[in-house]
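First the structure, in the form of C-alpha cells, and then the observations on it.
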Amino acid sequence: MPEINTDKPLPDSILSLLVAADQWCPAIIGQAHLLYYTAVSIHRDQVAKAFTQLKKDADDLFKAIASVEAAMNRDRM
C-alpha cells in the first residue's frame, strides 16, 4: 500500500493521485460488481473476499487523496 508522503510537492502528489485513481477505480468498480453478483448467489466466502479486496483498493485510493491534501495544506503555510 502506498504511504502518505507529506514531503511530496503538490504536482507530484496530484500525479500520484491520478495514477492511483487510474489503477484502483476500475478495481473498486469491479469488486463492487463482484459483491453484487456473489451476494445475489449467496456465496458468503466470495462476498467476504471481494469485500476485503474492495476495502484494500479503496484504502490505497484514500491514501493518495490524503497525500494531495497534505501537500495542499503544506503549500498554504
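The values are calculated or read from the model by the stated rules, or taken from the named source; none is laboratory data. Small disclaimer: the values here were computed from a predicted structure and weren't measured. Areas reflect the complete protein model, heavy atoms only, side chains present, ligands, DNA and RNA absent. Shrake-Rupley method; radii C 1.70, N 1.55, O 1.52, S 1.80 Å.
Brief remarks on what is shown
- Alpha-carbon radius of gyration plus Dmax, which is the widest Cα pair, for the chain in Å: 15.6, 53
- Summed over the residues of the chain and divided among them, the accessible surface reaches 71 Å² per residue at a probe radius of 1.4 Å.
- A straight Cα-to-Cα reach below 20 Å connects Lys8 with the lysines Lys63, residues fewer than 8 places away in its own chain not being considered.
- Computed helical MRE - 222 nm, the chain, DSSP H runs ≥ 4 contributing -39500 (n - 2.57), nearest 500: -30500 deg cm²/dmol
- Accessible surface of the chain [probe 1.4 Å, protein heavy atoms]: carbon and sulfur percent: 64
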